[in-house]
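Structure incoming, see below.
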Amino acid sequence: MSVLSGKNILLGVTAGIAAYKTAHLTRLLIKAGAQVRVVMTPRAVEFVTPLTLSTLSKNPVVYEFINHDAEKEMWNSHVELGLWADYYIIAPATANTISKMVKGTADNLLIATYLSAKCPVYVAPAMDLDMYRHPSTRDNLDALSSFGNVIIPAESGELASGLIGEGRMAEPETIVAFIEQHLVQKLPLFGKKVLITAGPTYELIDPVRFIGNLSSGKMGFELAKAAADFGAEVILISGPSHQSIEGYTQIKRVDVMSAQNMYDSVFQSYAGVDIAIAAAAVADYRPENVADQKIKKSDETLSIKLVKNPDILAGMGKEKKNQFLVGFALETENELANAQSKLIKKNLDFIVLNSLQDPGAGFKTDTNKITIIDKFDCITEFTLQTKKEVAKNILNMIVKNFK
Ligand code: C5P
């Protein structure tokens, strides 16, 4: 999932030959899941047509202060555009536009919008090599950086003039990757590794039967997605579950079946992670022996001897070095007291309590109602929320407490 997914991106196109590449850039931004609107300088429309960019961006393209084509003449509001944008990408940015941005010369809609925008601004210069290395351009680019704008360096190569050197606008793929990388680095869990257990475990009785539970894996999968959205690299160790992590390249999913499989898998990664969250509903017991063949129906009763499974979370608590450790407690009585004693016994940093008594909380549902209790006995209660929101709250709490 790209960090640009769901974001409003304003693309500013100025009058340089590299403007022809903005059709592809628009496609890449749309493919990343962003909403795209395009503002152009009046001369840029001679390099690439507004029709091309409006078709690709699925939004009208603006390039004049007044829209004479509208049924009723309308003012194109640079203020509205600037406020709409989560990010403003000016690509290509000519030497002329860069200079006007520095001086605040708002003689076209693109620059008026630049002056109104409150969002991060990315600038991809494009010009001939001598213009690019001219002291005036260098000073102007330094000035933009000092304003907090981010410059996406031009590349070296053959220029439209036929000369070879630095000044080509970065390729659209490079621009998108540059911005994504820049944004990911600012996320609160960037550079952190998070291990999450999720779903039920199946404990085999014979080759076709098992002891399982009603866990769907929803909470653990939402936690994995939220951790990835927070910039972390995630290892998701899941029991049998129909949940999906499609689109999340930052999540490595490991499918397991039994508690013992989950235990083995967790301890292959645990030493190298920064944060571990145990959201799996692990079977406490498993059949002592798994029958080789399907057990035949015979007597009126059938006894299966169960033996205890390893407690994965308690094991992580024991082995804990610097990991921040979070567990779940699903309680039906003496909820707070039981959760608090688990927190201590398993050496956790905090525990997430969900009560089956709360309507809408627990297995299978899309919602959950949680209380977080930390190791300093600080208790935070949350209202009933979707599991997606709950996951975000848990991650925010981890970020707040994680050193
Ligand atoms: O002790 P209890 O099973 O209630 O604790 C629940 C917490 O412990 C959950 O975070 C669950 O994922 C974890 N757990 C575990 N391994 C077990 C049992 C529970 O990791 N065998």
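Say R0 is 35 Å: what FRET efficiency, to the nearest 0.05, do Asp142 and Cys378 get from their beta-carbon distance? Numbers along the way, then the final one.
Details: r = 47 Å, r/R0 = 1.34.
After rounding to 0.05, the efficiency reads 0.15.
A further question follows. Roll a 1.4 Å probe over the protein chains and send me the accessible area per residue for segment 244-403 in Å².
59
So, one more: Counting DSSP beta bridges with both partners in the chain, what percentage is antiparallel, nearest 5?
Among the beta bridges of the chain, antiparallel pairing accounts for roughly 30 percent.
Round to the nearest 0.05 the FRET efficiency obtained for Gln268 and Lys58 when R0 = 45 Å and r is the Cβ-Cβ distance.
With R0 = 45 Å, the Cβ-Cβ based efficiency is 0.50.
Turning to a different aspect of this structure: Counting DSSP beta bridges with both partners in segment 205-335, what percentage is antiparallel, nearest 5?
Values: 3 of 12 bridges.
Around 25 percent of the beta bridges assigned by DSSP in segment 205-335 are antiparallel ones.
For the chain, what is the calculated [θ] at 222 nm in deg cm²/dmol (nearest 500), taking -39500 (n - 2.57) for each run of four or more DSSP H residues and dividing by its residue count?
It comes out at -9500 deg cm²/dmol, rounded to the nearest 500.
Please work out the FRET efficiency for the pair Asp255 and Glu155, using the Cβ-Cβ distance as r and a Förster radius of 30 Å; give the result to the nearest 0.05.
After rounding to 0.05, the efficiency reads 0.10.
In nm, what is the difference between 0.36 nm times the number of residues separating Ala291 and Glu166 and their Cα-Cα distance?
37.9 nm
Now a separate question. Just to confirm, what accessible area per residue do you get for segment 1-154 at 1.4 Å probe, in whole Å²?
That works out to 45 Å² for each residue.
For the chain, set up a Gaussian network in which alpha carbons nearer than 10 Å are linked by springs, and say which option among Thr332, Thr197, Thr137 fluctuates the most.
Thr332
Compare the peptides 8-15, 78-85, 283-290, 229-236 by average per-residue count of other Cβ atoms within 10 angstrom and give them in order, highest first.
Ranking, from highest mean packing down: 8-15, 229-236, 78-85, 283-290.
Can I ask one more? Does segment 8-184 come out rounded, prolate or oblate, given a ≥ b ≥ c as the square roots of the eigenvalues of its C-alpha gyration tensor, rounded meaning a/c under 1.5 and, failing that, prolate meaning a/b above b/c?
Details: a/c = 1.44, a/b = 1.36, b/c = 1.06.
Verdict is rounded for segment 8-184.
Here's another thing I want to ask about it. Take the solvent-accessible surface of the protein heavy atoms, probe 1.4 Å, and return the percent of it on the chain that carbon and sulfur atoms account for.
Details: 10410 of 20070 Å².
Of the solvent-accessible surface of the chain, carbon and sulfur hold 52 percent.
Pull out the extension gain between Asp358 and Ser341, defined as 0.36 nm times the separation in residues minus the alpha carbon to alpha carbon distance; nm, one decimal.
Value of the extension gain: 4.0 nm.
Okay, moving on. For Cα pairs less than 8 Å apart in space and 6+ apart in sequence, what is the mean separation divided by the residue count of the chain, i.e. the relative contact order in percent?
Relative CO of the chain lands at 11 percent.
The values are calculated or read from the model by the stated rules, or taken from the named source; none is laboratory data. Please read these numbers as outputs of a predicted model, since none were measured by experiment. Reconstructed Cβ throughout: ideal geometry from the backbone, glycine too, with neighbour counts over all protein chains shown. The area values use the complete protein model at the heavy-atom level, side chains included, leaving out ligands, DNA and RNA. Shrake-Rupley method; radii C 1.70, N 1.55, O 1.52, S 1.80 Å.
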